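Report on one structure; see the data block that follows.
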Amino acid sequence: MSQALLLRAQGLHKSFGAVVAAHDLQVDIRAGERISLIGSNGAGKTTFVNMITGYVQPDQGQILLDGDDITGKSPRDITRLGVARSFQIPQLYPSLSVLDNMLVAQTIHDNRLSLWRPANKADAVLRAQEVLARFRLLDHQRRLVAELPGGLRKLVDIALAMTGSPKLLLLDEPTSGVAAEEKFPMMDTVMQALGSQPLTALFVEHDMDIVSRYCDRVIAFYSGRIIADDLPAVALANADVRRYVTGEKDPQEPPHA
Ligand SMILES: Nc1ncnc2c1ncn2[C@@H]1O[C@H](COP(=O)(O)OP(=O)(O)O)[C@@H](O)[C@H]1O
Ligand SMILES: [Mg+2]
């Protein structure tokens, strides 16, 4: 049984000067999928995420969310429509506590929806604490973000993105900068937190153990093109993926069409 189509990217193209960062990308994402984007540095993963979230405008192509054209909309409007993201480097206020970071994110979110009610601090704290509890961060809510180890800081960043119950969550390298022994516990927590709502998630990820364990689909990029889009076991066994993503570090030739 096929699930509902949530996002369709068709014919997406983006050049930066002579660099083609996206070449005719076609991607359909169905509700509830957990997808990994893989590819070496410069392959075009972040550009793809940036186009979906409105931070980069495609030169050509269309992005449909629930059938509505969101191409060219601002990041703010796209967030309001239910697409949330985290960044490769967490966008947090290090000198504020975890809870205060959540409250800031909520205020920004509520402002987007024109819901801001200054008298509702207690409500806001409860809402923030609900999300923090899902990410097992309640014990850390009073700590300053600057004091947290990398894994917890990434969790806070993802918890912030979850403010406002998005339909689609895009995580750019959630485990980068996280110590090896922290990665699996961290991803267990993230997946459990996501599992509590019908959420579709896309992760940019370099660790193939994480990819195989937590995702049900892999999209592999090379030089602005998609070279594989399949179940993790199939995609990771693909010859081009082995050659250009998981194998040799410095490929000389483009993949065969
Ligand atoms: N804002 C930009 N200006 C110029 N070149 C860019 C910009 N963003 C990305 N690129 C280039 O586009 C290509 C794809 O980059 P990116 O999407 O960041 O790759 P990845 O996330 O897979 O490492 C790279 O060659 C990168 O240098
Ligand atoms: Mg990137």
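Results, tabulated for the structure shown:
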| item | result |
| --- | --- |
| Given charges at Cβ of Lys, Arg, Asp, Glu: the range 5-246 dipole, positive-most of 224, 60, 25 | 60 |
| Nearest-20 debye value, the chain charge dipole, Cβ charges on Lys, Arg, Asp, Glu | 640 |
| Ascending count of other beta-carbon atoms within 10 Å, so fewest first, for 226, 89 | 89, 226 |
| Folded to 0 to 90 degrees: helix 150-161 orientation relative to the chain principal axis, Cα | 80 |
| Value of relative contact order over the chain, rounded to a whole percent, pairs C-alpha under 8 Å and six or more apart | 25 |
| Taking 16, 184 and counting other C-beta atoms within 10 Å, the order from fewest to most | 16, 184 |
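Every number here is computed from the coordinates shown, using simple stated rules; none is lab data. What you are looking at is a predicted structure, and each value in this text was computed from that prediction instead of being measured. In this analysis, Cβ positions are derived from the backbone assuming ideal geometry, glycine residues included, and neighbour counts consider all displayed protein chains.
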